[in-house]
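Okay, so here's the structure we're looking at.
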Amino acid sequence: MDDQIDQVAEMIRTAESIVVLTGAGISAESGLRTFRGASQADLPANMQALWKEFDPIKLATPEAFDADPAGVSKWYDWRRLGCLAAEPNPGHTSLAEIERRAAARSARFTLLTQNVDRLHQKAGCRNVVELHGSIIQWRCTSCETKVTPGLDPMPAFPQRSSCCPTDQKAILRPDVVWFGEALPFEALRATDEALATCDLFLSIGTSSVVHPAASFIQVAAGNGAHTVEINPEATPISRMVDVSLRGKSGEVLPRIVEALRG
Ligand code: BV8
């Protein structure tokens, strides 16, 4: 893998426009559960129980929220608190350094994340596009006003919106994109702009099965970009990328940064 690390470091050193796509895997080493795969053993005991009762793919839908606003709100508030308590890992901080190095030589760096945990921002990344929104922020189902709940668990599930006191149906929902919902227009616009000039695309910690994010690498490759994947497991894109680094992002990315420093 050393040769591959050096190869990717050279790609990063010379790229004019870097696009990084991350998924739940980059936050796994921060103790946050991924959506698919990964063993329960790596989770703290209190996180295992609640997760076993729920299937995230079924819960991350408007239909699930409409059918059981209390249960879905409780699950999301529990995840929200887990994200607030989590700390960035060396994978997140390495990407922040790669962004700083790109900026220092006026190269473009765009981080497209499917994650809703805001750990990239906590690690110091600046140009972050939240494709699937953020669990740290919630919004009123009636007037769409956004709120950022505090560090304590929400007092009630679902939580009534204080912005629409006379509307009995106004409750808070997580400001995330559920399956079947469109991605934010601004996120898609920023993605299109970044992919148009991208000459290096890094896919990190994603199973590459959720669309439209899973298709971005094809757009980049079609525009002539070099492509790299970092994942301990094979995914549907592993055979198409120029360099496939089979490993954990919290271990591989620091080695790439070491090569850049060298
Ligand atoms: C939409 C927010 C249209 C909520 C999430 C085309 C083809 C097929 C299907 C579709 C299609 N177009 C649309 C669809 C439907 C659907 C979809 O893609 N379904 C899939 C399941 C087939 N897409 C949608 O519905 C999207 N909306 O297209 O709207 C539209 C247009 C106009 C008007 C109306 C509608 C919306 C998709 C967004 C859904 N929301 N999250 C929440 O968080 O609760 S998706 C959810 O999955 C998370 O965001 C998650 O990040 C994301 C993707 O998963 P991954 O990040 O890849 O995580 P996963 O667990 O799968 O994999 C982890 C990986 O990490 C693994 O590979 C593992 O090996 C690796 N790993 C583990 N440890 C490490 C590691 N890697 C590195 N280091 C480690 N240590």
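We did not get these values from a lab; they are worked out from the coordinates using the rules stated. Everything quoted here is computed from the prediction, not taken from an experiment. In this analysis, Cβ positions are derived from the backbone assuming ideal geometry, glycine residues included, and neighbour counts consider all displayed protein chains.
Evaluate E = 1/(1 + (r/R0)^6) for GLU16 and PHE179, where r is the Cβ-Cβ distance and R0 equals 30 Å; express this FRET efficiency to the nearest 0.05.
With R0 = 30 Å, the Cβ-Cβ based efficiency is 0.30.
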| Where the Cα pairs of region 107-262 fall when distances are cut into 10 Å bins, in % | 10, 32, 32, 16, 9, 1, 0
| GLU193/ARG100 FRET efficiency (R0 25 Å; Cβ-Cβ; nearest 0.05) | 0.75
| request: Give the value in nm², to one decimal: projected area of the alpha carbon convex hull of the chain, averaged over all directions. | output: 13.9 nm²
| field | Convex hull volume per residue for region 191-235, taking Cα atoms only, in Å³ | value | 65 Å³
| query | Per the Kirkwood formula on distinct C-alpha pairs, the Rh of region 61-177 is how many angstrom? | reply | 15.6 Å
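Assuming a ≥ b ≥ c are the square roots of the Cα gyration tensor eigenvalues, decide whether region 133-191 counts as rounded (a/c under 1.5), prolate (otherwise, with a/b larger than b/c) or oblate.
Working: a/c = 2.32, a/b = 1.65, b/c = 1.40.
Here region 133-191 falls in the prolate category.
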| message | With n ≥ 4 as the cut-off for DSSP H runs, can you work out [θ] at 222 nm for the chain, using -39500 (n - 2.57) per run divided by the number of residues, rounded to the nearest 500? | response | -11500 deg cm²/dmol
| field | Residues CYS198, CYS163, CYS140 arranged by fewest to most Cβ contacts within 10 Å | value | CYS163, CYS140, CYS198
| request: Could you list VAL177, VAL20, VAL228 in order of exposure, starting from the residue whose Cβ has the fewest other Cβ atoms within 10 Å? | output: VAL177, VAL228, VAL20
| What full-extension length gain, to one decimal in nm, is calculated for VAL209 and TRP78 as 0.36 nm per residue of separation minus the Cα-Cα distance? | 44.6 nm
| remark: Final fewest-first order of ARG101, ARG79, ARG255 on the 10 Å Cβ neighbour count is ARG101, ARG255, ARG79
| said: Can you give me the orientation-averaged projected area of the convex hull built on the Cα atoms of region 204-262, in nm²? | reply: 4.3 nm²
| note | Lys pairs in the chain with Cα under 22 Å (8 or more apart in sequence, or on separate chains) total 7
